[in-house]
1. Taking θ as phi - 60°, what are the ³J(HN,Hα) couplings along the stretch A:47-58 by the Karplus curve (6.51, -1.76, 1.60), each to the nearest whole Hz, with x for Gly and Pro?
2. Modelling each spin label as a point 7 Å along the Cα-to-Cβ direction, I'd like the B:Ala250/A:Ala189 distance in nm, to one decimal.
3. For A:39-49, what's the mean count of beta carbons from other chains sitting within 10 Å of each residue's beta carbon?
4. So if R0 is 56 Å, what FRET efficiency would B:Glu237 and B:Arg118 give, r being the distance between their Cβ atoms, rounded to the nearest 0.05?
5. Rounded to whole Hz and in sequence order, give me ³J(HN,Hα) for the stretch B:193-202 from the Karplus expression 6.51 cos²θ - 1.76 cosθ + 1.60, θ = phi - 60°, writing x for Gly and Pro.
6. Determine ³J(HN,Hα), in whole Hz, for all residues of the stretch B:24-40 in sequence, where each value follows from phi through the Karplus function 6.51 cos²θ - 1.76 cosθ + 1.60 and θ = phi - 60°; x replaces Gly and Pro.
7. Test of understanding: what is the full-extension gain from A:Ala117 to A:Arg24, defined as 0.36 nm times their sequence separation minus their Cα-Cα distance?
8. Per residue of B:28-34, how many C-beta atoms from partner chains lie within 10 Å of its own C-beta, taken as a mean?
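Quick note: the coordinates plus some simple rules give every number you see, no bench work behind them. In this text, all values refer to a predicted model and were calculated from it rather than measured experimentally. A quick note on method: Cβ atoms are made from the backbone with ideal geometry, for glycine too, and the neighbour counts reach across all protein chains shown.
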Amino acid sequence: MTDGDTTEGGAVEGGAVDGGDAWRGRVIDAHGHLGSWFNFAIPDPSTAGLLSVMDRAGVATMCVSHLLGVGPDARAGNALLLAELARRPGRLLGYAVYDPHDRQAPARLAELLDEPAVIGVKLHPDTHQYPLDGPAYAPAFALAADRGRLVLSHGEHGSAWSDPERFATVAARHPGVPLLMGHAGLWPAGFDAAARVADRCPNVVLEICGSRMTARHLARLVATAGADRMVFGSDALFLDLRVGLGRVVLAPIAPADRDLLLFGTMTRLLKGTR
Amino acid sequence: MRTVIDVNRILGPIPTGEVPSADAPGLIAELDRLRIDRACAVHALALYYDPVSAHGASEHGASQHGTSQHGASSHGDAQPAGTADAGRLVHVPVLVPGPLGTGAGTGRLVRLCPAEHRFALAGPHGLALAGEVADRGGGVLLGWESAPAADVHRLAARLPRLPIVLINTGYRSLRELADLMDAHPRIGVDTATLSGHLSVEWLARRYGPHRVLFGTGAPVSDDAGPRFQLDLLDLPEADVDLIAGGNARALLGLADEEWTA
């Protein structure tokens with residue numbers, strides 16, 4: 001946690017709450033998606049609509065994977081991702097989805113990581129029903145280590161596939177790979193477990209999106225894990241970017257911690273990618 | 001200046017953590033921090049302890065938390081008149097139907113929790129109680145996880161004049177909400193946990209901004225995110241004004257001159 005006074009947040013100006021605007025236009029969203037999903041409606045799944053919300057909210061860059069890839073077809077989803085990255089230079093950075101059931105996935109990932117806008121690998125052990133520390137994921141971590149890229153994995157406390165303890169296992173195997181724990185455990189009962197893993201594993205970074213996270217939970221995580229070990233993510237266009245962003249902007253945390261969450265920590269991680 | 005009313009707030013201690021809103025001053029400080037003018041609050045003891053006995057709630061400290069269920073004004077104000085924060089908190093009684101229930105009470109806005117309190121929303125007792133609320137011009141808050149959509153449909157079909165605000169609907173429920181909202185013009189939603197990408201705008205455009213109300217569900221769910229989102233909605237200012245507080249004022253029966261925040 002950064003030294004300094006805890007912000008009161010909620011600065012009142014013209015009837016709006018903005019929490020101060022030093023962050024505006026500098027935000028890097030570490031966990032976003034393109035595309036659509038099967039079991040609920042996304043009213044506007046267009047990339048243009050997503051960028052419109054980014055502009056409205058002051059988000060500079062979003063790091064995204066394609067939901068077609070997270071779901072049934074990693075190859076097709078990653079191809080769509082590359083096309084969108086080419087259309088939106090500077091606004092979108094990409095995670096290539098790695099399907100542990102695809103025997104050609106290592107070769108395909110090696111090619112995808114040659115793309116300058118692909119900053120890392122997205123793993124979703126729960127969708128693929130394969131444990132994060134299982135051997136089929138080992139090539140993805142090895143490639144990330146070799147190429148100096150990030151790994152973002154869905155993380156879910158209590159899950160047979162992505163419990164925080166599995167992050168500790170793979171983080172120890174691959175200490176040079178920055179490993180983002182998506183959702184910081186997802187469930188409030190798992191936030192403390194996620195923070196304990198971050199404390200034990202210096203290459204684990206907590207990413208904070210999720211529908212169960214509150215500003216109160218976030219402040220507690222900052223106090224225990226430290227904002228320099230956390231990054232802001234929204235899970236857009238699953239979730240509304242503004243809700244996740246507001247949870248950080250208006251959280252009862254110090255402005256310096258807020259800025260680390262919104263762009264500082266992720267800027268450092270991206271500088272570390274080669 | 002836009003007025004902001006949180007229609008979905010909990011006051012009092014909750015079993016899952018220590019929260020600032022465990023008492024009324026703490027809740028009002030939270031409202032101030034996020035520039036929320038007023039909150040419609042159910043008491044945590046009515047949700048998690050005993051919805052039936054106001055006496056039981058008082059015995060366990062509800063009064064000292066500023067949420068006495070006795071002596072509420074016609075609008076259910078939970079704060080004593082004459083204080084600086086008079087009217088900031090609107091007490092929302094939690095009602096339970098039947099011979100083991102609360103009776104229909106007097107509040108303009110009430111909350112029903114069928115799943116949590118184990119009664120049938122569209123059963124004979126539930127319909128009778130809801131009918132009494134409708135007869136006095138009142139409306140109900142109803143948690144999305146608290147009753148099957150089919151029961152909400154039955155209630156709305158039987159009592160088409162009753163305003164029903166579905167709260168805590170989550171981000172996966174849009175198709176089911178559309179089914180209900182297409183059929184029943186008095187069904188609205190709050191914004192607490194309605195956190196799907198652009199869901200608030202879609203609902204406001206399809207059904208009208210008069211059917212969307214700002215709410216948070218705090219402290220169980222997040223207040224900062226929905227509050228921030230409210231200021232950044234891609235809707236006309238007049239529509240946002242309705243969502244922020246105009247619709248809640250109408251639901252509570254507050255005339256303009258009664259607005260003091």
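1. 5, 4, x, 5, 5, 5, 5, 4, 4, 5, 9, x
2. Placing both labels 7 Å beyond Cα along the Cβ direction yields 4.2 nm.
3. 5
4. 0.80
5. Coupling constants for the stretch B:193-202: 6, 7, 10, x, 3, 6, 5, 5, 4, 4 Hz.
6. Once rounded to whole Hz, the list reads 4, x, x, 5, 5, 5, 5, 4, 4, 4, 9, 6, 10, 6, 8, 9, 8.
7. Extra length from A:Ala117 to A:Arg24 when fully extended: 31.2 nm.
8. Values: counts 0, 1, 4, 1, 3, 11, 8.
That works out to 4 on average.
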